[in-house]
Each structure stands twice: as C-alpha cells, then as structure tokens.
Amino acid sequence: MTPQEVVERIYKDVGVRVRKSHILYYDYIGLVRPPRTKDGVREYTEANIIDLTIAVLLSNLGVSVGRIKKLLVEHDFSILKELDERIDVLFEMGKKSI
C-alpha cells in the first residue's frame with residue numbers, strides 16, 4: 001500500500017483523519033519501517049498499518065511519540081496501564097459532572 005492508501009485505510013477502519021505527512025514522519029523517525037521495492041517505494045504491510053493505526057490513535061489521546069515508540073518498537077507495554085488509569089480518571093470525572 002502507498003502512504004495515501006494507508007491514510008484512507010486508517011480513516012475507513014477507525015474514523016480518524018491522518019495526513020500523509022504523519023505517515024512519512026513515523027517512517028522517518030523509525031516508528032514504522034515499511035519494506036521498500038527495488039525502486040525505493042514504500043510498501044506498507046498489514047502489520048505496518050496496524051502499528052500506524054495504534055500510533056495515530058495514541059497520538060490523538062495525547063501520548064507522546066516517544067512513548068508510542070517505546071510501545072511499538074521496544075514492546076514496552078507500560079503505556080497500556082497508564083492509558084487504563086487515564087480512562088478510569090476520565091470516567092470518574094464524567095460521573096461527577098452528571
């Protein structure tokens with residue numbers, strides 16, 4: 001898949017708009033490394049698309065690129081516990097405002 005096709009796929013799958021420049025930036029910083037053709041064209045795999053979708057969703061939740069990279073590249077899953085705690089706090093705040 002091309003970067004533009006990835007953008008369209010992420011929007012279709014999760015309803016989040018993302019720019020092609022974000023996809024290319026994530027490649028540039030090593031967050032996602034799609035294989036390339038012999039001509040140097042990126043070809044995103046299904047695994048790349050899943051990682052990009054996770055990155056986009058976490059970014060929209062305010063998670064830093066550094067933390068996202070720890071999750072996706074270094075397989076440090078501590079961010080998931082932190083997100084769970086954030087969700088609990090937001091849920092409690094919502095209950096108090098009703």
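Laboratory data are not the source of any read-out in this text; all were calculated from the coordinates shown. Since the structure is predicted, the reported quantities are computational estimates derived from the model, not experimental observations. So basically every Cβ, Gly included, is an ideal-geometry build from the backbone, and we count neighbours across all protein chains shown.
Data for the structure
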item: Farthest toward positive dipole pole in the range 31-82 [+1 Lys/Arg, -1 Asp/Glu at C-beta], among I50, V32, S78; result: V32
item: Exposure proxy order (Cβ contacts within 10 Å, fewest to most) of Y11, Y28, Y44; result: Y28, Y11, Y44
item: Relative contact order (percent, whole number), the range 3-97, Cα cutoff 8 Å, 6+ residue spacing; result: 19 percent
item: Non-local Lys pairs in the chain, i.e. 8 or more apart or on different chains, that have alpha carbons under 21 Å apart; result: 4
item: Kirkwood estimate for the range 1-57, i.e. one over the average of 1/r between Cα atoms, Å; result: 11.1 Å
